[in-house]
Amino acid sequence: MPVNETLSTYSDWCYGAAVGVYVLAMLLSLVDQAFGRRVPRAVRERELVGAGAGGSATPPADPPAGSDRDGAGEETDRGARARRMGRMAVALTVLGVVMHLGALVLRGLATGRVPWSNMYEFGATLCLFAVVTWLVVLRRFAIQHLSVWVLLPVIVLMFLGGVVLYSEAAPVQPALQSYWLVIHVFAIALGSGMVLVPGVVSGLYLVKVRRPGWAGRLPAAEVLDQVAYRTTVFAFPIYTAGVIFGAIWAESAWGRFWGWDPKETVAFIAWVVYAAYLHSRATAGWRGGRAAVINIVGFALMVFNLFFINLVVAGLHSYAGI
Amino acid sequence: MRAALAFLRNTWRGLTSMRTALILLFLLALAAMPGALLPQRGLNAVKVEEYIADNGWWGRLLERFGFFDVYASVWFSAIYLLLFVSLVGCLTPRTVEYAKSLRARPVLTPRNLARLPHHREGVTDAEVAEVMADARRRLRGWRLEEREEADGGRSISAERGYLRELGNLVFHFAMLGLIAALAVGKMFNYEGQVVVLANGAEFCNSGTFAYDSFQPGLRVDGTDLNEFCLRVNDFTAHYLPTGQADFFRADIEYQAGEDLASNTWRPYPLEVNSPLRIVGDRVYLLGNGYAPTFTVVFPNGEERTNTVQWRPVDQLTYLSEGATKFDPPGVSDLAERRTKQLAITGLFAPTAVLQDNVLASAFPDLRDPAVAIDVMRGDLGTDSGRGQSIFSIDQSMVENGRLKRVARENMRPGEELRLDDGTVIRFDGVERFAYLQVSHDPAQTWVLGFAVLLVLGLGTSLVIKRRRVWVRATPSTDPESPGRTVVLLGGLARTDQAGYGEEFGRIADDLLPRPAPDDVVRQDVTAGRET
Ligand code: HEM
């Protein structure tokens, strides 16, 4: 299958545009984070939850509380403007997602295969899932002003991907020609993309509880903890499934389902760390700060697995090309 | 005696506590780490030797403590065993508890519902019985318990999400099963690699001697392997113009079981990602390469033809190196033979390019094959009793002068070369070979089964919430609303509170009349607690 150069060029443009839009969104959200005034948490949450559950029998009754207080004049103009910028940032992020998705779809069309077959593409897919996860989180929790902290690592990853790891659109090697490429890599990218959010939010949690002086504009620690926990709870089974799909694929491609290849090893370690995270929340004395640290370690391992193992250690997985 | 028992009991309690499990989990993660960072024997023995040589005492120390074979080391197994014991220890009592709780009735309605994390109340014109009937209908699918209460009221306690516990148990037991199945696999598995020329050459799984390398499990001695034979008739490779591989296929035929007796061969296209699965074994196409064919015409007129695989040294261009060895025919005197053995060694390029007369390869496919060879004559050292690689000659023989170079030449297929004693060496052409692996692991289906259970259990236990709702209806005692009913709702999620508020809100909306404005504030309190 020859590569369609035109489409792959369009894909690259979309990728660049997506990064640009994310940068803009990040800047706007930074203004929101720095100056936006927050309404008491409880009220906003309730409001959003109501909206999220839309379609149910809820009468549009609760017009109430939240919006009343929003406009209650206790906010400064500057705060309101900053918050509007925050909302624009979210809208821009959605636009970025559309271009990001476009970049991946175009690359897929250009190469006639799934667009996650080398490190550049895998990174792009992972980042897309991370941003989408964040947007889903925003539907449930009114913490749009934290977008800046999520977009920052995404932008860094995408920049590194586009500049350092970029690879031309090309077909893949025989070992990768398998429907497991579609399933395994999708699940791993989804799982790893999702845990970027709890990784970041757990970091904010630590700031909130350990350096309260810096954290005036962060939401309540419990909110951060909830966001981290609930996202991890969805990501973990997906990641687990991804690892198992990988083992099934390894059985048919490499002759064994598990061989302690460096990539497999670190995947296992990260898995154990996330399992420990979930347990730590059920164990008194480990909740909170310690759990957050574990979550961050888990995310660090995912990143380590993506970069260090692929680029430096090079086991069987590295033949996907950089 | 007592003290010893107490000690044992305390150790057991400590070992099976969740905290210990947590720490063991961390230790396991930590212990697995060196395996990712240091070279491992099982994956690359050559790299391990290099590492030890490069790192002196440090390398030897690591070697002593099993750091180059982490997953077979004592300390790794110790952690894994402790975890296993801890898991068994904590699962047994929990299973009993869960089994009980699966059948338990929902608990009594607490006296003060307003204290619960989620609660609402309202006043309705419906009678107590009607409210109860409504609630029963709304809470279909929940486990219900209706009770009479004092002063003419009634209450329902409802509970849901029992599957969570089941999922959790399934997950943990699946993990146990998985570990056990892995251990069984380690006992009875084997793996062997073999090179088979793609010219109809045959391989039979009749014993370890048939393999180029063989890794048995702990309880496998190499006898009693599953019987089957195969032969490789042809090998097809396809490359993109860039030289990147696009497609490999070995056309093989195999026989197993009754086919062996009737000598029936069945075809199979063996490709990467699609192993042949027969009689409990799997055959994989792991690699391929080239085997040049040389014919030697000895001075007495006798001919010998030999095709031996050469090893690819560059995976992109398939530049290969090797040594094809010949014994002189009709020489029975050992001493004389040791002066006349021949070895053809050097490089093979499937698509030759010569740079300053040095052979390189420009492309992995057979476009313009050539060899650059040294012909060595003398004592190959093959009957010295020392094993030697099929890919090279014994350099010590060259160093001590017993093996001498008698010619050096670049050749294309069909070309000949004449040695000083009249021997003629011809490069006839090249065959492809397939590098196959045979694997056997009787427990791997079990591992897969447990892994699937593990994910299902995990998903269930993480996504389903165990939660409770209580509804209490009492005739109003307020003189301003005679004949009306006060309805109180309370909710509690037993594990993670987040998200339950939505569901509770919907139930409350369905069961209660629209909240009066002054209730709004109370709702906010509810939501505030939720987060
Ligand atoms: C002594 C051993 C263990 C004990 C006592 C134990 C206990 C528990 C408990 C009580 C839960 C439920 C937590 C909750 O309800 O939120 C749980 C869940 C879980 N366990 Fe274990 N466990 C053990 C070993 C393991 C091991 C070795 C792993 C993995 C390597 C593991 C992975 C998990 C996971 C991923 C969950 C889901 C987390 C959750 O439900 O919140 N467990 N375990």
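The values are calculated or read from the model by the stated rules, or taken from the named source; none is laboratory data. Owing to the predicted nature of the structure, the values given are computational and were not obtained by experimental measurement. Glycine gets a Cβ as well: all are built from the backbone with ideal geometry, and neighbour counts include every protein chain shown. Side chains are part of the model used for accessible areas, which takes the heavy atoms of the whole protein and leaves out ligands, DNA and RNA. Shrake-Rupley method; radii C 1.70, N 1.55, O 1.52, S 1.80 Å.
Amide H neighbours of B:F247 under 5 Å, counting only residues 5+ apart in sequence or on other chains, H built in-plane at 1.01 Å?
B:H238
What is the sum of charges, Lys and Arg at +1 and Asp and Glu at -1, for the other residues whose Cβ falls under 13 Å from the Cβ of A:S280?
With Lys, Arg at +1 and Asp, Glu at -1, the net is +3.
Given charges of +1 on the Cβ of Lys and Arg and -1 on the Cβ of Asp and Glu, with all other atoms neutral, how large is the dipole of chain B about its Cα centre, in debye to the nearest 20?
That gives chain B a dipole magnitude of about 2640 debye.
I need to check one value: relative contact order of the range B:308-427, counting alpha carbon pairs closer than 8 Å and at least 6 residues apart, in percent.
22
Ratio of the range A:93-186's C-alpha Rg to 2.2 N^0.38 Å, to two decimals?
Dividing the Cα Rg of the range A:93-186 by 2.2 N^0.38 Å gives 1.17.
Pop out the ³J(HN,Hα) list for the range A:223-240 in order, Karplus 6.51 cos²θ - 1.76 cosθ + 1.60 with θ = phi - 60°, rounded to Hz; leave Gly and Pro as x.
Once θ is set to phi - 60°, the couplings for the range A:223-240 become 5, 4, 4, 4, 4, 4, 5, 5, 5, 4, 4, 7, 6, 4, x, 5, 5, 4 Hz.
Could you work out the mean count of beta carbons from other protein chains within 10 Å of each residue's beta carbon in B:452-464?
4
Any idea of the accessible area per residue across chain B, 1.4 Å probe, to the nearest Å²? Please report the intermediate quantities before stating the final value.
Details: 26550 Å² over 531 residues.
Ligands and nucleic acids excluded, the result is 50 Å² per residue.
Through the Karplus equation 6.51 cos²θ - 1.76 cosθ + 1.60, θ set to phi - 60°, convert the phi angles of the range B:222-236 into ³J(HN,Hα) values in whole Hz; use x for Gly and Pro.
With the stated coefficients, the range B:222-236 comes to x, 8, 6, 6, 5, 7, 6, 10, 8, 9, 9, 8, 7, 9, 10 Hz.
What translational diffusion coefficient, in µm²/s and rounded to a whole number, does the Stokes-Einstein relation yield for the range B:98-253 at 25 °C and a viscosity of 0.890 mPa s, taking the hydrodynamic radius as the Kirkwood radius over Cα pairs?
Answer, rounded: 104 µm²/s.
Taking beta carbons within 10 Å but only from partner chains, what does the mean come to for residues B:152-158?
So the per-residue partner count for this stretch is 0.
Given 0.36 nm per residue, what is the gain on full extension from A:A220 to A:A80 after removing their alpha carbon distance, in nm?
Full extension of this stretch gives 48.4 nm more.
Once amide H atoms are placed 1.01 Å from N in the peptide plane, what residues at a sequence separation of 5 or more from B:Y290, or on another chain, have their amide H within under 5 Å of its amide H?
Close amide H contacts, sequence-distant or interchain: B:W310, B:F433.
Among all cysteines in chain B, which have no other cysteine Cβ under 4.7 Å from their own Cβ?
Within chain B, the cysteines lacking a partner Cβ under 4.7 Å are B:C90.
Residue separation times 0.36 nm, minus the C-alpha to C-alpha distance between B:R9 and B:V88: what's the value?
Full-extension gain reported as 26.9 nm.
Applying 1/(1 + (r/R0)^6) with R0 = 56 Å to the Cβ-Cβ distance of B:S481 and B:E97, what FRET efficiency is obtained, to the nearest 0.05?
0.80
Which order do the peptides A:182-191, B:376-385 take when ranked by the mean count of other beta-carbon atoms within 10 Å per residue, highest first?
For the peptides A:182-191, B:376-385, the packing ranking is A:182-191, B:376-385.
Could I have the simple spin-label model distance between B:T236 and B:L176, label points 7 Å from Cα toward Cβ, reported in nm to one decimal?
5.1
Checking a compactness column here: for the range B:308-427, what do you get for Rg(Cα) / (2.2 N^0.38 Å), N being the number of residues? Display every interim value, and only then the final one.
Working: Rg = 15.1 Å, N = 120, 2.2 N^0.38 = 13.6 Å.
So the Cα radius of gyration is 1.11 times the expected 2.2 N^0.38 Å.
Hey, rough spin-label estimate for A:V303 and A:A34, points 7 angstrom out along Cα→Cβ, what's it come to in nanometres?
2.3
Averaged over all directions, how much area does the convex hull of the C-alpha atoms of chain B cover when projected, in nm²?
Mean projected area for chain B: 43.2 nm², to one decimal.
Could you work out the local net charge near B:P241, counting Lys and Arg as +1, Asp and Glu as -1, over the other residues with Cβ closer than 15 Å to its Cβ?
Spelling it out: positives minus negatives among the neighbours equals -3.
B:D327 versus B:R19, label points 7 Å from Cα toward the beta carbon: distance in nm?
Modelled inter-label distance: 7.2 nm.
Leaving ligands, DNA and RNA out of it, report the carbon-plus-sulfur percent of the accessible area of chain B at a 1.4 Å probe.
Using a 1.4 Å probe with all protein chains present, chain B comes out at 56 percent carbon and sulfur.
Cβ neighbours within 10 Å, averaged per peptide: list B:486-492, A:78-84 in order, most packed at the top. It would help to have the intermediate numbers written out before the result.
On the way: B:486-492: 22.4, A:78-84: 16.3.
Ranking the peptides B:486-492, A:78-84 by packing returns B:486-492, A:78-84.
If Lys and Arg each add +1 and Asp and Glu each add -1, what is the summed charge of the other residues whose beta carbon sits under 11 Å from the beta carbon of B:V184?
Overall, the nearby charge balance is +1.
Which values, in whole Å and largest first, are the semi-axes of the equivalent ellipsoid of the protein assembly as shown obtained as the square root of 5 times each eigenvalue of the Cα gyration tensor?
67, 32, 24
Residues with amide H under 5 Å of B:D314's amide H, sequence separation 5 or more or different chain, H placed in the peptide plane at 1.01 Å from N; which?
For B:D314, the qualifying residues are B:L319.
How much mean residue ellipticity at 222 nm does chain B get from its helices, if each DSSP H run of length 4 or more adds -39500 (n - 2.57) and you divide by all residues, to the nearest 500 deg cm²/dmol?
Counting only the DSSP helices, I get -11000 deg cm²/dmol.
Within 10 Å of each Cβ in A:261-268, how many Cβ atoms from other chains are there, averaged over the peptide? All intermediate terms of the calculation are to be shown ahead of the outcome.
On the way: counts 4, 7, 1, 3, 10, 6, 1, 5.
The shielding value for this peptide is 5.
What's the extension gain from B:R219 to B:F188 if we count 0.36 nm per residue and subtract their Cα-Cα distance?
Working: separation 31, 0.36 × 31 = 11.16 nm, distance 0.57 nm.
Once the chain is fully extended between B:R219 and B:F188, it gains 10.6 nm.
Just to be sure I understand: if you take the accessible area of chain B alone plus chain A alone and subtract the pair, with a 1.4 Å probe, what total do you get in Å², rounded to 100?
When B and A are taken together, about 5300 Å² of accessible area is lost.
If you average the sequence gap of Cα pairs under 8 Å that are 6 or more apart and divide by the length of the range B:83-166, what percent do you get for the contact order?
Averaging sequence separation for qualifying contacts and normalising by length gives 30 percent for the range B:83-166.
Using Cα pairs closer than 8 Å and at least 6 residues apart in sequence, work out the relative contact order for chain B, in percent.
About 19 percent, as a whole number.
Using a Förster distance of 41 Å, how high is the FRET efficiency between B:D246 and B:L354, based on the Cβ-Cβ distance and rounded to 0.05? Mind showing how you got there, number by number?
Values: r = 27 Å, r/R0 = 0.66.
The computed FRET efficiency comes out at 0.90.
At a Förster distance of 22 Å, what's the computed FRET efficiency of B:R405 paired with B:N199, Cβ-Cβ distance as r, to 0.05?
That pair, B:R405 with B:N199, gives E of 0.15.
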